[in-house]
Amino acid sequence: MMRRLEAGELDVAICVTEGLVAGIKNNAIRLFGTFVETPLPWAVSVRVDAAYATLDDLAGNVVFGASRLGSGSDVMARYMASQFEWGHEPDVRVVGDIHALVNGVQTRTIDAFLWERTTMQRHYTQNEVRYLGTVRPPWPAFSYAAQT
């Protein structure tokens, strides 16, 4: 969606606010309204047998997975490090879509990732990954954006 907006293929887009942050940073887009006020709950997922018991356990030498740089999974890993005052930027590696992220924790390519909570439920039910906690940002879930 961001690529299409930046390329001028769209006049307006409604996107997950986290995904719009990179566009704002690069002055490629502007936010001009809110579509859903409530923050989107981001679930933190780890390997089923991982030793992590709390979100604070991720403060050490942990590799977070992201779908792409500037995506919600990337932005939220960085927000989480700031919110929990870890004192350093997290190590974030781009591995791909949700299936690649689940596979990444299973194969130990990454240690954890953040993804929208409701979407993750089937992966928890099927015991593919383990739910560790939820991070809620202070901004709205979905916003309107346009090219600058």
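Where a number appears in this text, it was derived from the coordinates with a stated rule and is not lab data. Keep in mind it's a predicted model, so treat the numbers as computed, not measured. Using ideal geometry, Cβ is built from the backbone for each residue, glycine included, and neighbour counts are taken over all protein chains shown.
Worth a mention:
- A simple count of charges around Gln83, restricted to other residues whose Cβ falls under 14 Å of its Cβ and scoring Lys, Arg +1 and Asp, Glu -1, yields -2.
- Between the exposed loop cleavage positions of the chain, defined as chymotrypsin sites (Phe, Trp or Tyr not before Pro) in a non-H, G, I, E, B DSSP state with at most 15 neighbouring beta-carbon atoms within 10 angstrom, the longest gap is 1-83.
- Charge tally in the Cβ shell below 14 Å around Tyr52, where Lys, Arg are +1 and Asp, Glu are -1, Tyr52 excluded: -1
- Neighbour net charge for Val92 - beta-carbon separation under 10 angstrom, K R +1, D E -1: -1
- Calculated FRET efficiency for the pair Gln106/Ala7, C-beta based, R₀ 30 Å, to 0.05: 0.30
- Cleavage-rule hits, trypsin sites (Lys or Arg not before Pro), region 102-148, DSSP coil, Cβ neighbours within 10 Å at most 10: Arg108
- Sparse-neighbourhood loop sites, GluC sites (Glu not before Pro) in region 54-148 - DSSP loop, at most 16 other Cβ within 10 angstrom: Glu85
- For the pair Glu37 and Asn127, label points projected 7 Å from Cα toward Cβ lie 4.3 nm apart.
- Orientation-averaged projected area, Cα convex hull of the chain (nm²): 8.6
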